[in-house]
């Protein structure tokens, strides 16, 4: 591209830098000492506001970004992230000021005016929710429906109150009930959401006859359901693309089910990894109003102690479930395995499981196993998997589950 090659002159400078896809070039709040001209690739400029990612624009080859902070000597008012492999020419503060001073006086006046305009717009972005909130409302609806469906008693049809879900949407996205009703109406028309009106009746007493007559019906409650979540997700994605504009709001958080599907795992497994500290607690978030309401319902005492659910033998899936096995059964199973295989299990087990294993060994055997663990180091993964399966099968056989 000739216009990008021409920019690499002595006047502009030849300091270049490259960024890989997804790399953050700078973050909101950082000091501003460089601006960038894109020669290859593209960059997203965005701000984070609560649980929303507000896209300000997409910059492409030949465009400059990051210049406002350098000109005003203020901190960055947005984040910049490479959307693909991107190369830029770097303009430092001195070079940018020199270029402005060399420009005609009218250009300098216009630049000052534009800087003030951008300042005002940035202040408004922090307070304003994106006009295209359709995708975000659909995301909240899907999260809420999954939560209700997951907690519904077996055999009962899950029901989601439109009043409750509207309150949640307004807490997260700060939009009006009118906007929510318009989106719900649109989703109903494309048959991805079903809304059932629960009606009530008003009665009045005739003062002359003393009889009670029905005066009018009214909608007491509206219940929402999503018959097919996969179709809901597909249709709403297509509708959201049709409504995209220059200001797009993306949810910054995903629920447990979405994350589990993304990593191709079961939600229960992900929960265990969080509990065992394998997933950093800093990655776990709660929706504040819902979490505080749940805490009020349960009371503080509920959260002071966690109880491991009692697993049935048929529910044993891995070595990490061993603490749920009764000591008598585990002691017998370990004795049948032999000290070498027990050593393999102890070598791969977490702290809680290892403690449980040693608790069910005699002092003499426990000492032998510890020495063997130190000697063998990290066991072969295939061998360890076989021993783990053998222990689980042995326990289930002892409980009469394998014939």
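The values are calculated or read from the model by the stated rules, or taken from the named source; none is laboratory data. Quick caveat, the model's predicted, so the values are computed rather than measured. Positions of Cβ are generated from backbone atoms using ideal geometry, with glycine treated the same way; all protein chains shown enter the neighbour counts.
If I filter the range 61-79 for residues that are part of a strand (DSSP E or B), out of contact with any strand residue (DSSP E or B) (no Cβ under 7 Å at 6 or more places or on another chain) and either modelled with pLDDT of 90 or more or surrounded by 14 or more Cβ atoms within 10 Å (Cβ to Cβ) (or both), do I get at least one hit? Looking through the range 61-79, none of the residues is part of a strand (DSSP E or B), out of contact with any strand residue (DSSP E or B) (no Cβ under 7 Å at 6 or more places or on another chain) and either modelled with pLDDT of 90 or more or surrounded by 14 or more Cβ atoms within 10 Å (Cβ to Cβ) (or both). Candidates in the range 171-182 are the residues that are buried (at least 16 other Cβ atoms within 10 Å of the Cβ) and more than 22 Å from residue 257 (Cβ to Cβ); of these, the one that is farthest from the chain's Cα centre (by Cα) is 179. Being modelled with pLDDT of 80 or more and either in contact with a helix residue (DSSP H, G or I) (Cβ under 7 Å, 6 or more places away or on another chain) or surrounded by 15 or more Cβ atoms within 10 Å (Cβ to Cβ) (or both) narrows it down to one of 130, 138, so name that one. After applying the criteria, what remains is 138.
Among the residues making up the range 252-275, a single one is modelled with pLDDT under 75, touching a helix residue (DSSP H, G or I) at 6+ places or on another chain (Cβ under 7 Å) and not in a helix (DSSP H, G or I): 255. Restricting the range 154-166 to residues that are in contact (Cβ under 8 Å) with a residue 24 or more places away in the chain and either loosely packed, with under 15 Cβ neighbours inside 10 Å or not in a strand (DSSP E or B) (or both), the residue that is farthest from the chain's Cα centre (by Cα) is 157. Of all residue pairs spaced 6 or more apart or on separate chains, those with beta-carbon atoms under 7 Å, a first member in the range 284-305 that is under 22 Å from residue 270 (Cα atoms) and a second member that is modelled with pLDDT of 80 or more are 284/274; 290/168.
In the range 227-248, the residues that are farther than 16 Å from residue 184 by Cα reach residues that are part of a helix (DSSP H, G or I) and modelled with pLDDT under 80 with C-beta atoms within less than 9 angstrom, at least six apart or across chains, in these pairs: 247/125. Each residue in the range 187-231 was checked for being at pLDDT below 65 and surrounded by 13 or more Cβ atoms within 10 Å (Cβ to Cβ), and 0 of them qualify. Within the range 316-347, being within 16 Å of residue 389 (Cβ to Cβ), part of a helix (DSSP H, G or I) and at pLDDT below 85 holds for 319, 320, 321, 322. Here is the figure for the range 369-379: residues that are surrounded by fewer than 16 Cβ atoms within 10 Å (Cβ to Cβ) and at pLDDT 85 or above total 4. Screening residue 91 with (1) within 35 Å of the chain's Cα centre (by Cα); (2) touching a residue at least 40 places away in the same chain (Cβ under 8 Å); (3) within 11 Å of residue 36 (Cβ to Cβ) gives one miss only, at (1). Suppose we filter the range 358-403 for residues that are part of a helix (DSSP H, G or I), free of Cβ contacts under 8 Å to residues at least 40 places away in the same chain, in contact with a helix residue (DSSP H, G or I) (Cβ under 7 Å, 6 or more places away or on another chain) and under 13 Å from residue 340 (Cα atoms); how many remain? The qualifying residues number 8. Only residues that are without any contact (Cβ under 8 Å) to a residue 40 or more places away in the chain and under 25 Å from residue 272 (Cβ atoms) were counted in the range 335-351, giving 6.
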